[in-house]
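The values are calculated or read from the model by the stated rules, or taken from the named source; none is laboratory data. As the structure is a computational prediction, the values presented were derived from the model and not from experiment. Every residue, glycine among them, receives a Cβ derived from its backbone with ideal geometry; neighbour counts consider all protein chains shown.
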Amino acid sequence: MRRTFYLLSLLLLQSLFVWAENGKDIPSSLDLYVCIGQSNMAGRATLTPEVMDTLQNVYLLNDKGRFEPAVNPLNRYSTIRKEMSMQRLGPAYSFAKEMFLQTKRPVGLVVNARGGSSINSWLKGSKDGYYEEALSRIRTAMKQGGILKAIIWHQGEADCSNPEAYKQKLISLVKDLRTDLELPDLPVVVGQISQWNWTKREAGTIPFNQMIKKVSSFIPNSDWVSSKGLGWYKDKTDPHFNTEAQLLLGKRYAKKVLKFYKH
């Protein structure tokens, strides 16, 4: 009797697994959010047991071009990521949880970040092809019936020495994404990088973060997220956020994206 029960339970689990693999339990319409940038978006914070749950009503675009229940690390399927061991907690986790909590709409995530990447590698036509990779994955997600709601962009550690040049490149990046996706008013939210001075320059990250604060003045339908009060992962020589900081950062992204949210 016990053996029969065990076999039936195993068959049930196998059938559920196949059901999930085939995408039959994934909602037909998802609110899609694109999470791109460099290492703080990819996630370098510690994956504690509390953040290793399967997110409820949140789905991640996988390496087969289908959605599956989202589990950290969320940059696992990035087509441009560094080795898997480097992918840990980023802001997409708490962002997605908060978006579902506030909207009651199932969330679809396209996470395609690359640690250490310069904005130059993200520009359309760059030899690195990060733009084209992101665009391809976004289009794959949209073909499954999802509605693209916003892009969240966290990048700049590699480029913070020249805020004015970065500003012009960010304008070009957003313009190209909106044009190629045929969504001229697509909301874009960008985040400040860490505020402590790990740069060895006297001004540190202050000029760059001040530029980010003004993003809505040079990119329409955009907003910014503050890094104020966010803590470091290792020490002040490290530009990466810790676990607590990433959880807060994700909620800050959600708060700003919600300003653009339309049912």
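Which of the residues that make up segment 62-100 are aliphatic (A, V, I, L, M), in contact with an Asp or Glu (Cβ under 8 Å, 6 or more places away or on another chain) and under 21 Å from Trp122 (Cα atoms)?
Ile80
Taking only segment 200-213 into account, find how many residues are part of a loop (DSSP other than H, G, I, E, B) and either among the acidic types (Asp, Glu) or more than 17 Å from His154 (Cβ to Cβ) (or both).
5
Among the residues of segment 212-250, which ones are of a type in the set (Ser, Thr, Tyr), over 25 Å from Lys262 (Cα atoms) and at pLDDT 95 or above?
Of everything in segment 212-250, those that are of a type in the set (Ser, Thr, Tyr), over 25 Å from Lys262 (Cα atoms) and at pLDDT 95 or above turn out to be Ser227, Thr243.
Going by what's in this entry, would Pro184 be described as without any contact (Cβ under 8 Å) to a residue 12 or more places away in the chain and touching a helix residue (DSSP H, G or I) at 6+ places or on another chain (Cβ under 6 Å)?
Here the answer is yes, as Pro184 does meet what is asked.
Return the pairs, sorted by first residue and then second, in which the second residue is surrounded by 19 or more Cβ atoms within 10 Å (Cβ to Cβ) and among the β-branched types (Val, Ile, Thr), the first residue lies in segment 130-157 and is within 17 Å of Val189 (Cα to Cα) and without any contact (Cβ under 8 Å) to a residue 12 or more places away in the chain, the beta carbons are less than 6 Å apart, and the residues are 6+ apart or on different chains.
none
For segment 146-164, state whether one or more residues are over 18 Å from Asn62 (Cα atoms), over 18 Å from the mean Cα position of the chain (by Cα) and not in a loop (DSSP other than H, G, I, E, B).
Checking segment 146-164: at least one residue is over 18 Å from Asn62 (Cα atoms), over 18 Å from the mean Cα position of the chain (by Cα) and not in a loop (DSSP other than H, G, I, E, B).
Might you let me know whether segment 128-136 holds any residue that is surrounded by fewer than 18 Cβ atoms within 10 Å (Cβ to Cβ) and either in contact with a Leu (Cβ under 9 Å, 6 or more places away or on another chain) or part of a loop (DSSP other than H, G, I, E, B) (or both)?
Yes: one or more hits.
Return yes or no: is Lys236 part of a loop (DSSP other than H, G, I, E, B) and surrounded by fewer than 16 Cβ atoms within 10 Å (Cβ to Cβ)?
yes
Mind listing whichever residues of segment 199-217 are of a type in the set (A, V, I, L, M, F, W, C) and either out of contact with any strand residue (DSSP E or B) (no Cβ under 8 Å at 6 or more places or on another chain) or in contact (Cβ under 8 Å) with a residue 60 or more places away in the chain (or both)?
Matches in segment 199-217: Ala203, Ile206, Phe208, Met211.
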